[in-house]
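One structure is given below, encoded as structure tokens.
The values are calculated or read from the model by the stated rules, or taken from the named source; none is laboratory data. Just so we're clear, the structure is a prediction, and the values are computed from it rather than from any experiment. So basically every Cβ, Gly included, is an ideal-geometry build from the backbone, and we count neighbours across all protein chains shown. Ligands, DNA and RNA are stripped out before the accessible areas are found, and what is left, the full protein with its side chains, is counted by its heavy atoms. Shrake-Rupley method; radii C 1.70, N 1.55, O 1.52, S 1.80 Å.
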Protein chains: 2
Amino acid sequence: MSFQLKYNGTLWMEIDGEPVLGPGRVELLERIQQTGSIRQAAIQMEMSYRQAWQMVDHMNSHLIEPVVISYRGGKGGGNAEVTKKGEDAIKQFKAFHIRFHQLLTEQSKHINL
Amino acid sequence: MSFQLKYNGTLWMEIDGEPVLGPGRVELLERIQQTGSIRQAAIQMEMSYRQAWQMVDHMNSHLIEPVVISYRGGKGGGNAEVTKKGEDAIKQFKAFHIRFHQLLTEQSKHINL
């Protein structure tokens with residue numbers, strides 16, 4: 001039978017009801033880590049540089065310490081670096097996100113409808 | 001310090017990627033249970049009768065058995081009854097939804113950013 005009812009969901013971190021970090025932003029941070037560039041990360045994620053920069057700025061201004069430090073100018077339009085705090089954010093969010101999806105999968109087995 | 005980073009999320013049941021049951025629909029089912037009327041439930045939730053009826057129809061047509069049986073006509077424009085299957089859907093979803101929110105609260109304590 002192809003009928004397959006399952007749980008799904010989304011997960012994010014927020015401050016005072018304001019979403020600050022979710023799967024998309026974690027992916028953005030990881031791509032900044034890999035490329036050393038907000039611009040390259042934006043291209044890979046098919047978003048505008050402006051959009052990516054605004055996400056980074058939003059995270060930086062809402063967390064106690066910045067998650068990305070960027071340097072303007074130079075070849076390729078500057079570099080960006082994910083901070084230790086940013087690495088911690090990636091690590092903590094991903095760990096819980098994986099656990100959350102394991103729970104969804106596990107709980108889906110118990111749906112009896 | 002007012003700075004308070006925490007996890008939040010949403011949860012739903014889906015079939016083949018199509019969302020079928022979430023907190024809003026569970027509330028609709030509960031209000032139908034309480035009032036015996038899709039129309040009254042819709043009014044309580046400040047949605048149109050059409051919208052409520054479409055939600056019920058969507059659930060009924062995507063699950064093996066209907067969650068609501070409605071009777072047209074009569075005083076007040078017909079009655080509606082949540083089936084045993086609908087009761088099970090409410091119960092199972094709410095139990096997991098509560099557990100999910102407990103997990104969010106618990107895990108929020110371990111955020112270290």
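For B:Val67, the conditions (1) within 9 Å of another protein chain (Cβ to nearest Cβ); (2) surrounded by fewer than 18 Cβ atoms within 10 Å (Cβ to Cβ) are fulfilled apart from (2). With respect to (1) more than 12 Å from the chain's Cα centre (by Cα); (2) part of a helix (DSSP H, G or I); (3) within 14 Å of chain A (Cβ to nearest Cβ); (4) hydrophobic (A, V, I, L, M, F, W, C), the lone exception for B:Ile111 is condition (2).
Of all the residues in the range A:23-35, those that are more than 15 Å from A:Asp57 (Cα to Cα) and touching a Phe, Trp or Tyr at 6+ places or on another chain (Cβ under 6 Å) number 0.
Residues that are facing another protein chain (nearest Cβ under 7 Å) and of a type in the set (Gly, Ala, Ser) within the range B:1-37 comprise just one, B:Gly9.
Among the residues of the range B:14-29, those identified as charged (D, E, K, R) and free of Cβ contacts under 8 Å to residues at least 24 places away in the same chain are B:Glu14, B:Asp16, B:Glu27.
Suppose we filter B:Ile32, B:Ile69 for residues that are at pLDDT 95 or above, of a type in the set (Val, Ile, Thr), more than 15 Å from the chain's Cα centre (by Cα) and under 29 Å from A:Gln4 (Cα atoms); which single one remains? If you could, list the steps in order and put the result at the bottom.
Working: B:Ile32 fails: more than 15 Å from the chain's Cα centre (by Cα).
Among B:Ile32, B:Ile69, only B:Ile69 is at pLDDT 95 or above, of a type in the set (Val, Ile, Thr), more than 15 Å from the chain's Cα centre (by Cα) and under 29 Å from A:Gln4 (Cα atoms).
Going by the conditions given, is B:Leu103 open to solvent by less than 80 Å² (accessible area, probe 1.4 Å), under 30 Å from A:Gln92 (Cα atoms) and part of a helix (DSSP H, G or I)?
Details: open to solvent by less than 80 Å² (accessible area, probe 1.4 Å): yes; under 30 Å from A:Gln92 (Cα atoms): yes; part of a helix (DSSP H, G or I): yes.
Spelling it out, B:Leu103 is indeed open to solvent by less than 80 Å² (accessible area, probe 1.4 Å), under 30 Å from A:Gln92 (Cα atoms) and part of a helix (DSSP H, G or I).
You will find that of B:Gly9, B:Gly86, the residue that is in a strand (DSSP E or B), closer than 30 Å to A:Phe100 by Cα and among the small types (Gly, Ala, Ser) is B:Gly9 and no other. Here is the figure for the range A:4-31: residues that are within 24 Å of A:Val82 (Cα to Cα) and aromatic (Phe, Trp, Tyr) total 1. Contact list please: Cβ distance under 6 Å, first residue in the range B:85-96 and touching a residue at least 24 places away in the same chain (Cβ under 8 Å) and on the phi < 0 side of the Ramachandran plot, second residue among the β-branched types (Val, Ile, Thr) and part of a helix (DSSP H, G or I), pairs at least six apart or on different chains. Between residues of the range B:85-96 that are touching a residue at least 24 places away in the same chain (Cβ under 8 Å) and on the phi < 0 side of the Ramachandran plot and residues that are among the β-branched types (Val, Ile, Thr) and part of a helix (DSSP H, G or I), the close pairs are B:Ile90/B:Val26; B:Phe93/B:Val26.
Once the range B:17-57 is narrowed to residues that are assigned to a helix (DSSP H, G or I) and in contact with a strand residue (DSSP E or B) (Cβ under 7 Å, 6 or more places away or on another chain), the residue that is most open to solvent (accessible area, probe 1.4 Å) is B:Gln33.
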